[in-house]
Amino acid sequence: MLNRRGFLQNAAVLSAFGALLPKRSFFEAPLLNKIGIQFFSLPKLLENDLKGTLAMLSKIGYQEVELYGPYTFSTQAAQDRWKTVTPSLGFSGSGFFGHSAKEMKSLLSDAGLSVPSMHTDLDTLEHSMDKLCEGARSLGATYVVLPSIPENRRKTLDDYKKMAESFNKVGEAAKKSGVSFAYHNHGYGLTEMDGKIPLELMLDNTDPKLVFLEMDLFWTTAGGADPVALLEKYKNRYKLMHVKDMSKKMRFSGDGGNSTQWIELFPYMTTAGNGVLDLKNILTKAKASGVNHFIVEQDMVAEPEIALKKSIDYLKTL
């Protein structure tokens, strides 16, 4: 029989060994099965070396990518708007970065990457859905996503009601074309306007079978909303999530309704796990509520090879 001294010695060894183990047990399944990356996190690298950048993303562990537009099949109005902002961005690449959909699919496949979603614009969703969905299907994408509503179409509650009507039509057209439509939030629409929360008004007037959601954790928090409360209230509506962390709890200087206010908060974006957001709790709730694509995004982050690796390394420990 094991005497007391032997028991204590074995206990001490086991305790020391346990301290060396990772936070999550070797036998415990990770919280996130697949982790994606939004291309807007590293646009300059993609523009300069698409193949090499895809290989780098795959090597550090990303399995999914989310594209941003415009694309060659986007409306002319969307492409013209993009040209007006690229001088200030310092890059012009978007969509398939000069490649055809077939070529992009091949490059992604070679790197072991899949595409669950593609960001686009409202004009293309409303006027060029057939071509957009054809492009999405060619890549195997499930969702076409609107990243923001144009400012001139969200000034009043009536505007949001009209947007809900448009979303239902877009969602129906997407469904008929074999994909799904999702809306990604920024900071606007999260605080009261004439006694109502515009985002909730819009969601309550859209068909949950046609209009899905992509939650941006950073912008949701900056807009003053509670991510977990929204996930619980609109269970099974949120299917994608932009995983971001915030180095310091910040709010928009205004209603979060324009790019100036967004850019002001860029310095407070930080690698996942390095900030103040309770990511483990939020992501656990998100998974339970129906989110099935978790996509890291750090808008145009400096040294993306380092920052994006830190984010995925942290997320793998959950």
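How many residues does region 51-89 hold that are under 25 Å from Lys316 (Cα atoms) and in a helix (DSSP H, G or I)?
Residues that pass the stated criteria total 9.
For region 111-162, how many residues are without any contact (Cβ under 8 Å) to a residue 24 or more places away in the chain and among the charged types (D, E, K, R)?
Of all residues in region 111-162, those without any contact (Cβ under 8 Å) to a residue 24 or more places away in the chain come to 152, 155, 158-159, 162.
Checking the rest, the ones that are also among the charged types (D, E, K, R) come to 155, 158-159, 162.
Looking only at that region, the number is 4.
Can you name the residue in region 51-72 that is surrounded by 20 or more Cβ atoms within 10 Å (Cβ to Cβ) and hydrophobic (A, V, I, L, M, F, W, C) and is also farthest from Lys131 (Cα to Cα) among such residues?
Filtering first and then ranking leaves Leu57.
Filter region 263-318 for residues that are touching a residue at least 60 places away in the same chain (Cβ under 8 Å) and among the hydroxyl-bearing types (Ser, Thr, Tyr); which is surrounded by the most Cβ atoms within 10 Å (Cβ to Cβ)?
Ser311
Considering only residues that are among the small types (Gly, Ala, Ser) and in contact with a strand residue (DSSP E or B) (Cβ under 9 Å, 6 or more places away or on another chain), which ones fall in region 115-142?
Taking region 115-142 and keeping what is among the small types (Gly, Ala, Ser), we get 117, 128, 135-136, 138, 140-141.
Hits for region 115-142 are Ser117, Gly135, Ala136, Gly140, Ala141.
Being surrounded by 15 or more Cβ atoms within 10 Å (Cβ to Cβ) and at positive phi is the requirement here; does Gly257 meet it? Spell out the reasoning first.
Working: surrounded by 15 or more Cβ atoms within 10 Å (Cβ to Cβ): yes; at positive phi: no.
So Gly257 fails the test.
Let's see how each residue does on (1) within 21 Å of Tyr68 (Cα to Cα); (2) outside any loop (DSSP other than H, G, I, E, B); (3) not hydroxyl-bearing (Ser, Thr, Tyr):
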residue: Leu231; (1), (2), (3): no, yes, yes
residue: Phe252; (1), (2), (3): no, no, yes
residue: Ile263; (1), (2), (3): yes, yes, yes
residue: Asn274; (1), (2), (3): no, no, yes
residue: Lys280; (1), (2), (3): no, yes, yes
residue: Leu283; (1), (2), (3): no, yes, yes
residue: Ala288; (1), (2), (3): no, yes, yes
residue: Val301; (1), (2), (3): yes, no, yes
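Restricting the search to region 198-247, which residues are over 18 Å from Leu283 (Cα atoms) and of a type in the set (D, E, K, R)?
If the condition is that a residue be over 18 Å from Leu283 (Cα atoms) and of a type in the set (D, E, K, R), then Glu200, Asp204, Asp207, Lys209 are the ones that fit.
So that you can scan it fast, the table gives a plain yes or no per residue for (1) surrounded by fewer than 20 Cβ atoms within 10 Å (Cβ to Cβ); (2) touching a residue at least 12 places away in the same chain (Cβ under 8 Å); (3) aliphatic (A, V, I, L, M); (4) more than 22 Å from Tyr160 (Cβ to Cβ):
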| residue | (1), (2), (3), (4) |
| --- | --- |
| Leu213 | no, yes, yes, no |
| Trp219 | no, yes, no, no |
| Leu230 | no, yes, yes, no |
| Lys248 | yes, yes, no, yes |
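All of the numbers you see were taken from the coordinates with simple rules; none came from a lab. No experiment lies behind these values; they were computed from the predicted model shown. Here the Cβ is made from the backbone with ideal geometry for all residues, glycine too, and neighbour counts use every protein chain on show.
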